[in-house]
Amino acid sequence: MTQIHQMTSAALSTADLIAARRPGHALPRDLYCGEQAYRDDLDQIWYREWLFAGPSCELPKTGSYLTMQVGDYPVIVTRGADGRIRAFHNVCRHRGQRLCASANGTNPKLVCPYHQWTYDLDGKLLFARDMGAGFDPSKYSLKPVHCIDLKGMVFICLAQIPPAINELAGQLMRYAAPSGLADAKVAFSSTIIEKGNWKLVMENNRECYHCGGSHPSLCRTYSDDPLMTVMEGPNAASPEILAHWARCDAAGLPSRFVNAPDMQWRMARVPLMDDQESFTLSGKAAVARRMGEMPWNDAGSLMFYHFPSTWNHFLPDHAIVFRILPVSPMETQVTTNWLVHKDAVEGVDYDLETLTRVWLNTNDEDRQVVEENQAGILSPAYEPGPYSPSQEAGVIHLIDWYCGLMGSRLAQRMAAE
Amino acid sequence: MTQIHQMTSAALSTADLIAARRPGHALPRDLYCGEQAYRDDLDQIWYREWLFAGPSCELPKTGSYLTMQVGDYPVIVTRGADGRIRAFHNVCRHRGQRLCASANGTNPKLVCPYHQWTYDLDGKLLFARDMGAGFDPSKYSLKPVHCIDLKGMVFICLAQIPPAINELAGQLMRYAAPSGLADAKVAFSSTIIEKGNWKLVMENNRECYHCGGSHPSLCRTYSDDPLMTVMEGPNAASPEILAHWARCDAAGLPSRFVNAPDMQWRMARVPLMDDQESFTLSGKAAVARRMGEMPWNDAGSLMFYHFPSTWNHFLPDHAIVFRILPVSPMETQVTTNWLVHKDAVEGVDYDLETLTRVWLNTNDEDRQVVEENQAGILSPAYEPGPYSPSQEAGVIHLIDWYCGLMGSRLAQRMAAE
Amino acid sequence: MTQIHQMTSAALSTADLIAARRPGHALPRDLYCGEQAYRDDLDQIWYREWLFAGPSCELPKTGSYLTMQVGDYPVIVTRGADGRIRAFHNVCRHRGQRLCASANGTNPKLVCPYHQWTYDLDGKLLFARDMGAGFDPSKYSLKPVHCIDLKGMVFICLAQIPPAINELAGQLMRYAAPSGLADAKVAFSSTIIEKGNWKLVMENNRECYHCGGSHPSLCRTYSDDPLMTVMEGPNAASPEILAHWARCDAAGLPSRFVNAPDMQWRMARVPLMDDQESFTLSGKAAVARRMGEMPWNDAGSLMFYHFPSTWNHFLPDHAIVFRILPVSPMETQVTTNWLVHKDAVEGVDYDLETLTRVWLNTNDEDRQVVEENQAGILSPAYEPGPYSPSQEAGVIHLIDWYCGLMGSRLAQRMAAE
Ligand code: FES
Ligand code: FES
Ligand code: FES
Ligand SMILES: [Fe+3]
Ligand SMILES: [Fe+3]
Ligand SMILES: [Fe+3]
């Protein structure tokens, strides 16, 4: 009898790992670290679910575009001459050039930088030089990606048949309408890479158990009381939230808790601490001009998350929209856009430093804890611990959603093989 | 029935991918990106074909050496006391030290930097300290690599039995003779890494469909008319080329189109645009002194390529020799040497900036399009498109040569297994 | 019959490679380069053997800690309120955060930076906020790692049942006692990464065949005569060593050769060249105050190595302790600590530049040869050459120890599978 040391190389499939996970506990190591789990996450989630691309005001005019890399897929999202926003695979139909390399820009047409094949903003190939007699340009349109604009929040989906989005669409358009996102502009944008698996980035966002220790500037205005954000139902909450909701109801401002049955998304409007106005160091509004039809400076934050790719705060004076994209098994890109009313003038109506300070700090603080979380989980001695039932209910929602979806899809894949 | 999304992980072998490719179209994704295709390219092509090492004038005297990394193999090429150029595995026979780390240098002997085992320039082990009584130095010569100097163009081959090179040797020595490469010197050398598969680097070189859009400085003197470079046969070409060839014939300057039956190599001398003299911004010669026995300043460019590793321009006043080496599936090293007559004096006969500007620009412009080409091809949505029959005939030659060679060698390997 | 080129991808297992190695010769390529060999080295050696963590004086007071990364395992070593040094997996029992990211520091308690779970210095979970009624903190102590302090030299072991250490412990405590390591302090610390497999780093240390060519400053005081360091037995050595031992015996200073039967470790005290005092450029002591109870300035160096992780020199005026840790198949971290008497004052009793110059140089020189060794061994043309029987006896000890241990453990693993 010889003692066999725990092997470091995983033999379990992603489906096995998910089946073996312990409810109410963090996931097993290889789901946060492994190449196989990463490929499975891409195939089953990132390539199949609706993903937040950006606010529509990031594409203010005809030919405005943004690009994003979803796993192996480069995607371009652009506004056509008809005002409609469309998404395409950012890949030339000739020899595969990436059409646009910048994160943002404006182009009257999509002209390939290699041999200048020229596509219309609706994806049609308009022009290809010297391709010979038999060449039929109509067969070489850009490949489309599903795209929908929900009152200023643009989502894409790489699947051939995307999942239903009507329930989310209805609620989000209703809740976000007063914030006037389509009439906003991007005041500032930041993109960082966090050296952690995308699920660790999202777990971090789904609880405020860490806020007191990590976020001194955010905690001036944002309560880390879990009762503020983890609600039992649309009508059950703390007295100050109930009061806030009553006030919102009276003003016709949607505010009560709505969510998907599987918790893939949720939204609700909650007050800031002590009736403060905005995520600033002073607690006062950062922007003199309110967004959309927001009635008060102290209307709090409309919080909206959608798994796997976004969380957001719509405040009366500005909105902060976040998009995450996986880069590798242990790297995640986080893009933050600060939106203000499109007529607000920098230096007059708002000061950029005041507007951005709290969440620039907060993002960097979250990056640090996520990276150390990844570093520890890499240990074969890591053993998934229990989530706090009160403080980490939102993380449990995330992990249950993830395991439920992955478990059923991987089972379908096996059945189909 | 459930919709199964396209899997991102390749299940096809290199042989399968090549068998499935569509003639006249770019290659399937995994041949440009995958680790397996890269290993197969190394095994079947880079470790078996003749590869350009450098111009012999890069090794001007006894003990001059250059090093190159061919896949996993470090190689050293050095000139012996007898004037002959030899190549060896750049690996000490003691504990495997790389003997020379620099790209270029001069050594009277090859002395291992670790324990000073000392080899003659012909590879023999001359001295090894304290190796004990039974040690027979004659068994520890450096391992040779095939090496041939074709009138100033040095080629190596890692195979035990290299492919025939006599036809190429005869033609290249004849065509290159007037350029006097062996009596040249290296005026400038540049090495860059392009983040693209070696085939994308070579495809890029084999067409000028992209020149108008990418190469403003090159296009001052180099015509992007495909009729200039894609010739139907040794005697069929545009009127200005036919006139140029007649003039060359009269002067005894080999100029007409010759090539390998499988298009692995080709050479021809073509005029620059508007009878200009050299690849400079002004179109005038960059070097006051002509190379070898070149009769005129406006003799045009002797263009010579050899798959997989080189393309070249031999102009009357200077020569530009290019060597590519694969670094990883998606990285390729490109080394460019600018050669001038060995007695030309910098600052007197030529100005380095004038000499190098056009191709330094051109290399960097090509790097950019190659890198964006790789970025787009990485998309699983990439679908190989058609090559332009007129503009990209040279790319079709490359891809047909590649698929033909790989297909037959992989079939041989399978048969032998 | 077709010629099949040597394949670059290894098909042999680590056990096969070890079985096929040629005694007295360097190891086959893939044992120095391959991912599989690296994982096997971790599993069979680094995760099972005692490893040097650091000198106990690196943890001078309650709450002092050092961290180290052993393959995938982050480990923290800390001194408790009871003065005892303990090691733990540096991983929070909640969601796996790495508890301490710095290489060194001091903490009254171990507080997780994520959600502030708080552990006592003995590993017990003292405090975890809001974990609900059923939560039993006693089940969430930090996971311990074996740890032993051998008179100032701290070793850890990740195995559940560590190998016997009593023989080493007895000898080391006896030999090191006069050097007073526990009453020393760290005067300087350096950590470098060498781009070479850990075995190449250790091979390099186990011979002085390379010293003459690589180490001009070390060779002023350290003899590269193999008779100085490769001893035949405790009583057989060169006349000057025998004389030195006799002098040490008379003073009660343990000095004669002791070693493990399998050569996993060895220690002996040898004189410096020409009775010099220390590894300085002048050969004079670098520190005015001698360590522990060292009787003379010219007592030479007590050399101690232990495979796989450490070599050391204990001199009368200072000690230099080295720790290596594998980082990847071809990267190794080397940490060097210079120790002096704890009451020695920088600027008064010693000058840091004088103290550290020789081994800072020597480490960097060794890094260079190790990196070129790795670069050459990567060649498929590399063929393991013979070790010098006289000059490289120490390397043969290392390689025989390695192959013996790996061979038997991999056979056990196969038997157990
Ligand atoms: S790759 Fe886009 S035009 Fe050629
Ligand atoms: S490795 Fe070259 S002499 Fe030792
Ligand atoms: S991970 Fe350590 S307290 Fe949460
Ligand atoms: Fe946070
Ligand atoms: Fe080009
Ligand atoms: Fe050394």
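A few comments on the model shown:
- Isotropic mean projected area of the C-alpha convex hull, segment B:126-180 (nm²): 5.9
- Of all residues in chain C, the one whose Cβ lies closest to the rotation axis carrying C onto A, together with that distance in whole Å, is C:Glu35, 7.
- Spin-label pair B:Met414/B:Met273, simplified geometry with 7 Å Cα→Cβ offset, distance in nm: 4.7
- Reference-scaled alpha-carbon Rg (2.2 N^0.38 Å with N residues) for segment A:218-289: 1.17
- Measuring max minus min along each principal axis, the C-alpha atoms of the protein assembly as shown give extents of 99, 99, 59 Å (largest first).
- Cysteines having no other Cys beta carbon under 4.7 Å from their own, within chain C: C:Cys33, C:Cys57, C:Cys100, C:Cys147, C:Cys157, C:Cys219, C:Cys248, C:Cys403
- Proximal lysines to B:Lys139, defined as alpha-carbon separation beneath 17 angstrom and excluding residues fewer than eight positions away on the same chain: B:Lys124
- Square roots of five times the Cα gyration tensor eigenvalues for segment A:324-385, Å: 36, 13, 7
- Averaged over the residues of B:123-133, the number of partner chain Cβ atoms lying within 10 Å of the residue Cβ comes to 3.
- Shielding score for A:42-50, defined as the mean number of other chain Cβ atoms within 10 Å: 2
- Largest to smallest in accessible area, the residues B:Cys219, A:Cys211 fall in the order B:Cys219, A:Cys211 (1.4 Å probe, all protein chains included).
- Rg and Dmax over the alpha-carbon atoms of chain B stand at 22.5, 78 Å.
- Teacher prompt: A:Leu281 distances to equivalent labels in other copies, 7 Å Cα→Cβ, nm: 4.9, 4.9
- Distances in nm from C:Pro261 to the matching label points in the other copies, shortest first (labels 7 Å along Cα to Cβ): 7.0, 7.0
- Legend: residue pairs B:Lys284/B:Lys342; B:Lys61/B:Lys109; A:Lys109/B:Lys199; B:Lys151/B:Lys185, Cα-Cα distance threshold 18 Å; pairs beyond threshold, B:Lys284/B:Lys342; A:Lys109/B:Lys199.
- Chains C and A, summed buried accessible surface - 1.4 Å probe, Å², nearest 100: 3100
- Sites C:Ala243 and C:Phe127 - FRET efficiency at Förster radius 51 Å, r taken between beta-carbons, to 0.05: 0.25
- Residue-span extension gain [A:Ser138 to A:Asp343] - 0.36 nm each, minus C-alpha spacing: 69.7 nm
- Between the alpha-carbon centres of segment A:28-66 and segment A:297-357 there is a gap of 18 Å.
- The residues of chain A have, on average, 36 Å² of accessible surface per residue, using a 1.4 Å probe with all protein chains present.
- Coordinate range along principal axes, alpha carbons of segment C:51-157, Å, largest first: 45, 30, 21
- Selected from A:Pro295, A:Pro308, A:Pro389 as most flexible by GNM, with chain A as the system and alpha-carbon contacts under 10 Å: A:Pro389
- Translational diffusion of segment A:366-417, µm² s⁻¹ [Kirkwood Rh, Cα pairs; Stokes-Einstein; 25 °C; 0.890 mPa s]: 182
- Taking Cβ atoms as reference points and 13 Å as the exclusive limit, the residues near B:Pro239 contribute a net charge of -1, counting Lys and Arg as +1 and Asp and Glu as -1.
- Peptides C:259-267, C:242-250 ranked from most to least packed give C:259-267, C:242-250, packing being the mean of other C-beta atoms within 10 angstrom over each peptide's residues.
- Accessible surface of B:Glu371, taken over heavy atoms with a 1.4 Å probe and every protein chain present, rounds to 40 Å².
- Averaged over peptide B:359-372, the number of partner chain Cβ atoms lying within 10 Å of each residue's Cβ comes to 2.
- Value at 222 nm in deg cm²/dmol, rounded to 500, when DSSP H runs of n ≥ 4 in the protein assembly as shown each add -39,500 (n - 2.57): -8000 deg cm²/dmol
- With R₀ set to 22 Å, the beta-carbon distance separating A:Arg289 from A:Ser190 gives a calculated FRET efficiency near 0.50.
- Whole-number Å³ per residue for the convex hull built on Cα positions in segment C:162-298: 156
- 7 Å along Cα→Cβ, label-point gaps from B:Gly170 to other copies, nm, shortest first: 8.3, 8.3
- Shown for chain C are the DSSP H helices of 30 Å or more along their axis, judged by Cα atoms, with a mean Kyte-Doolittle hydropathy of at least 0.5: C:393-416.
- Residue of A:Asp122, A:Asp343, A:Asp224 that the Gaussian network model of chain A assigns the largest fluctuation, springs spanning Cα pairs under 10 Å: A:Asp343
- Ligands, DNA and RNA aside, B:Tyr38 has an accessible area near 10 Å² when probed at 1.4 Å.
- With each label modelled as a point 7 angstrom along the Cα→C-beta vector, the A:Val327-A:Ala103 pair spans 1.1 nm.
The values are calculated or read from the model by the stated rules, or taken from the named source; none is laboratory data. On a predicted model such as this, the values are computed, not experimentally measured, just so you know. Every residue, glycine among them, receives a Cβ derived from its backbone with ideal geometry; neighbour counts consider all protein chains shown. The area values use the complete protein model at the heavy-atom level, side chains included, leaving out ligands, DNA and RNA. Shrake-Rupley method; radii C 1.70, N 1.55, O 1.52, S 1.80 Å.
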